Amino acid sequence: MLKRLTDYSLRWSPNRRVVVIGIGLACLLALAAATAFLTGRDDHPGTSASDPVPSPAHSSTAPTGQPSSWSGPVAGPPKISDPVQFAKAAAKMLWSYDTLTTSQAQHLTGMRAWMTKEDEYGDWASVAAQIPDPVLWSRMVDQEQHATATIAEGHYPAAFKQALAEDPAAITKAYIYAVTVTGKQMITWAKGGSGAEDRSVTLAVQCRPSTDCSLVAIAPRVAP
């Protein structure tokens, strides 16, 4: 299993691969397998959250709170110990913004609050890359661009579930879960312009025992 997961991990970016190999944790390799398994983007919902999934080892009844409604500044991370629920909240945060009330730097600062405090696991670059650079953001400001999001569902990718089933103890190394979330982003801009787009993302979230979940990374591809 370890060799197969390592082969999959080689498809990460070089910096991420160094982190994965350096820490040598099977759970992170399972995450790499889940995110690199896909060879192309898949926007279909796939397995629903109600299907059999690996349960967090530390939570029998997970809270289901969500961030407050979007009102400009980046919503703060909810106090949730369930990986799927946290990933759904994180995806909603990633797909929501208001260029008229929040600068690009302020938005990044708000996003940073969602990240794991364990630097050896966190891949901030993959998360920050979801936001336009300052030049593009300024053009979005000129267009009074604003986005909100609705979440359809979240689930553990098939490759992640398979890897975890083969080695259930792997998750206890760092408690990192891969979760794929689908939803819709609604965008409005000056002079009544608007549009909507279906969105999908695979996130890595960390949910240690007796600790609220946090964001670890965004996968380079969506895992079904």
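The values are calculated or read from the model by the stated rules, or taken from the named source; none is laboratory data. What you see is a predicted model, and the numbers here were worked out from it, not measured in a lab. In this analysis, Cβ positions are derived from the backbone assuming ideal geometry, glycine residues included, and neighbour counts consider all displayed protein chains. Accessible surface areas use protein heavy atoms only, side chains included; no ligands, DNA or RNA. Shrake-Rupley method; radii C 1.70, N 1.55, O 1.52, S 1.80 Å.
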query: Karplus couplings for region 169-184 from phi (6.51 cos²θ - 1.76 cosθ + 1.60, θ = phi - 60°), rounded to Hz, Gly and Pro as x?
result: 6, 4, 5, 6, 6, 9, 6, 9, 10, 9, 9, 9, 10, 10, x, 9
Label-point separation in nm, T188 to T211, each point 7 Å along Cα→Cβ: 4.0
- prompt: Where only protein heavy atoms count, and the probe is 1.4 Å, what is the accessible area per residue for region 112-208 in Å²?
  reply: 46
field: Amide proton proximity set for I80, modelled H, under 5 Å, gap of 5+
entry: C213
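I'd like the FRET efficiency for E166 and T101, computed as 1/(1 + (r/R0)^6) with the beta carbon distance as r and R0 of 35 Å, rounded to 0.05. It would help to have the intermediate numbers written out before the result.
On the way: r = 47 Å, r/R0 = 1.35.
Computed FRET efficiency for E166 and T101: 0.15.
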- prompt: Mind ordering 175-185, 91-101 by average Cβ neighbours within 10 Å, highest first?
  reply: 175-185, 91-101
statement: The lysines whose Cα lies under 28 Å from the Cα of K88, excluding any fewer than 8 residues away in the same chain, are K79, K117, K161, K173, K184
Net charge, M115 excluded, C-beta distance under 13 Å - Lys, Arg +1, Asp, Glu -1: -3
- line: Rounded to the nearest 10 Å², the accessible area of M140 using a 1.4 Å probe with every protein chain kept is 20
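Subtracting the Cα-Cα distance from 0.36 nm times the residue separation, let me have the gained length for Q130 to A196 in nm, one decimal. Write out the running numbers ahead of the final one.
Values: separation 66, 0.36 × 66 = 23.76 nm, distance 1.74 nm.
Result: 22.0 nm gained on full extension.
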